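K.L.:
Before anything else, here's the structure in question.
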Amino acid sequence: MGLLKDRRILLGVTGGIAAYKALYLARLLIKNGAIVRVVMTSAARRFIGELSFEAISSHKVLTDNSESWANDLNHIGFAKWAELFIIAPASVNTINKIACGVADNLLLQTFIACDAPKLIAGAANSAMIENAITKQNIEKLTAIGVNFVKSGYGALACGDEGIGRLAKAETIFYEACRALHKNVFWQARTAIVTCGGTREPIDDVRAIGNLSSGKTAIGFAKAAFFLGAKVYTIGNVKDEFLPTRHIEADSACQMKEALDRVIAQNGDTKSYLFMAAAVGDWAAANKIDGKMKKEEVGATWNLSLRQNMDILSAIDKQNLYVVGFKAEIDPQNAYASAIKMKNNKRLDAVCLNVIGDIARFGGDETKITLIAKSESEFIGDKLSVAYNILRTLEKESA
Ligand code: CTP
């Protein structure tokens, strides 16, 4: 999915050792279709040359040296051009100056002249980023609609360990997608996505699992995040860069417990549940404590299985819009089976996916028939399909 196709993103780079990481971010944005222009402070140019950004963005970089009024290579031209202004890395000096409306360099002048959405990813020593002045200024800017990408924890260039590392480029990229795709409908909603295939323990080291890769679920989590929803992921698969609230759950029982908690917390808003996890239908009838020795079992092991609880049937659906997922192998009976599940489990919608040429376990492409108020078929990469299904559900709710 060309998530950022032809979107005009202005990348501001300030002075700091993390300045080189902005190159990878620029690359990532461009790879996903964005047109990127770069503005750099003089301090940033002490860490990294503008030629690198020029080579990656195929565009002249705006600096004190390059500003021109013969074309739009100036702070007003860049400010008007941008659909999104990202500063990464943003030094503490820049964050605090922005909060005070200071415009004493080209990047700050561009920032104050620009009325596009803003995204700031700070990077500094933890004492500087956690200083009360910086914190207050971040709060102040957040209150007027500037979005911040939280700095990460880890070893800092100065030798300290703490908060202050520039967020991963992938996370900043995801936040950029959210800034450009979010809409009023999804911003007011919570999306709960169950991910991966559950594993049911046989003993303390072995488990019964299934072939689900969790890629479809991650597609739904990303799409909901980009559209602006508050997203919870529950399961044993996650995208480590996607800033959702993740609850680890391996077995059906753990998934049900986590789901009950999240539903209870979000019971006052209309939430959407995408039950994309492949919940194991069978669990060991008697889980063995410790590790079963081969000699004790012999050449074959006749396990006794019991049917697992059906989570979708059991959860409280009062304030939920519930989407079930049906994966079938037999194309003849797939549709009837999906309708039966929708009725039996009292679901609002079903995503039916017939495993075959396009939809394979672990594949990146899928084909889903959405059975909701209306019925439609979606084919493509798992993220595009999820995105289009969310937009369809949004339109149906009107
Ligand atoms: N599901 C669930 N709890 C289970 C099994 C499935 O909540 N114990 C959910 C899945 O997450 C999915 C949907 O129910 O959203 C699939 O339901 P169903 O078709 O009953 O599961 P299958 O295992 O595909 O059923 P069958 O094996 O009978 O084809």
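K.L.:
For a quick protection proxy, order the peptides 286-293, 20-27, 253-260, 100-107 by their average other-Cβ count within 10 Å, most packed first.
P.N.:
Highest to lowest by the protection proxy: 20-27, 253-260, 100-107, 286-293.
K.L.:
For the stretch 21-58 and the stretch 360-393, what is the centre-to-centre distance using only Cα atoms, to the nearest Å?
P.N.:
So the separation of the two Cα centres works out to 34 Å.
K.L.:
Restricting to Cα pairs below 8 Å that are 6+ residues apart, what does the relative contact order work out to for the stretch 182-396? Please round to a whole percent.
P.N.:
Normalised by residue count, the contact order of the stretch 182-396 is 22 percent.
K.L.:
For the stretch 1-87, give the magnitude of the charge dipole about the Cα centre (Cβ charges: +1 Lys/Arg, -1 Asp/Glu; no others), in debye to the nearest 20. Display every interim value, and only then the final one.
P.N.:
Values: 11 positive and 7 negative charges, 61 e Å.
For this selection, approximately 300 debye.
K.L.:
What residues have an amide H closer than 5 Å to that of ILE247, excluding those fewer than 5 places away on the same chain, when H is modeled at 1.01 Å from N in the peptide plane?
P.N.:
Counting only residues 5 or more places away or on other chains, the set is THR233, ILE234, GLY235.
K.L.:
So for the chain, averaging the separation of alpha carbon pairs under 8 Å that are six or more residues apart and normalising by length, what relative contact order in percent results?
P.N.:
Here the relative contact order equals 11 percent.
K.L.:
Using only DSSP helix segments of four residues or longer, with each worth -39500 (n - 2.57), what per-residue ellipticity at 222 nm results for the chain after dividing by its residue count and rounding to 500?
P.N.:
After summing the helix terms and dividing by the residues of the chain, the value is -10000 deg cm²/dmol.
K.L.:
Let me ask another. Would you work out the charge dipole size for the stretch 182-396 about its Cα centre, treating the Cβ of every Lys and Arg as +1 and the Cβ of every Asp and Glu as -1, and quote it to the nearest 20 debye? Let's see the in-between values first.
P.N.:
Values: 29 positive and 27 negative charges, 99 e Å.
It comes to approximately 480 debye.
K.L.:
Right, here's the next one. Return the carbon/sulfur percentage of the accessible area of the chain, one whole number, probe 1.4 Å, all protein chains in place.
P.N.:
50
K.L.:
Work out the charge dipole of the chain with +1 on the Cβ of Lys and Arg and -1 on the Cβ of Asp and Glu about the Cα centre, then indicate which of ILE172, ILE371, ALA103 is farthest towards its positive end.
P.N.:
Of ILE172, ILE371, ALA103, it is ALA103.
K.L.:
Once Lys and Arg get +1 and Asp and Glu get -1 on their Cβ, which of ALA276, LEU227, THR244 lies farthest toward the positive end of the dipole of the stretch 165-281?
P.N.:
My answer, from the dipole projection, is LEU227.
K.L.:
Positive end of the charge dipole of the chain (Lys, Arg +1 and Asp, Glu -1 on Cβ, about the Cα centre): tell me which of ASN125, ASN71, ILE311 has its Cα farthest that way.
P.N.:
Of the listed residues, the answer is ASN71.
K.L.:
Something else now. Please list 123-130, 390-397 highest first by mean number of surrounding beta-carbon atoms within 10 Å per residue.
P.N.:
123-130, 390-397
K.L.:
In whole Å, how far is the Cα centre of the stretch 292-346 from that of the stretch 191-211?
P.N.:
12
K.L.:
Name the long-range amide H neighbours of TYR321: under 5 Å, sequence gap of 5 or more, or other chain; modelled H, no Pro or chain starts.
P.N.:
Placed amide hydrogens put SER271, TYR272, LEU273 under 5 Å from TYR321.
K.L.:
Where nothing but the Cβ of Lys and Arg (+1) and of Asp and Glu (-1) is charged, how large is the charge dipole of the chain around its Cα centre, in debye to the nearest 20?
P.N.:
The dipole of the chain has a size of about 440 debye.
K.L.:
Another question, if that's okay. Before I look further, what does the stretch 8-179 give for accessible area per residue, probe 1.4 Å, in whole square angstrom? Present the calculation step by step, with values, prior to reporting the outcome.
P.N.:
Working: 7590 Å² over 172 residues.
Dividing the accessible area of the stretch 8-179 by its residue count gives 44 Å².
K.L.:
Quick one: accessible area per residue over the stretch 182-396, 1.4 Å probe, rounded to a whole number of Å²?
P.N.:
Value returned for the stretch 182-396: 49 Å² of accessible area per residue.
K.L.:
Please list the three semi-axes, largest first and in whole Å, of the ellipsoid equivalent to the chain, using sqrt of 5 times the eigenvalues of its alpha carbon gyration tensor.
P.N.:
46, 24, 19
K.L.:
Pull up all non-local amide H partners of ARG189: gap of 5 or more, or a different chain, and H-to-H distance under 5 Å with H placed in the peptide plane.
P.N.:
LYS230
The values are calculated or read from the model by the stated rules, or taken from the named source; none is laboratory data. Keep in mind that what you see is a predicted model, and the values were worked out from it rather than measured. In this analysis, Cβ positions are derived from the backbone assuming ideal geometry, glycine residues included, and neighbour counts consider all displayed protein chains. For accessibility, only protein heavy atoms count, side chains too; no ligands or nucleic acids. Shrake-Rupley method; radii C 1.70, N 1.55, O 1.52, S 1.80 Å.
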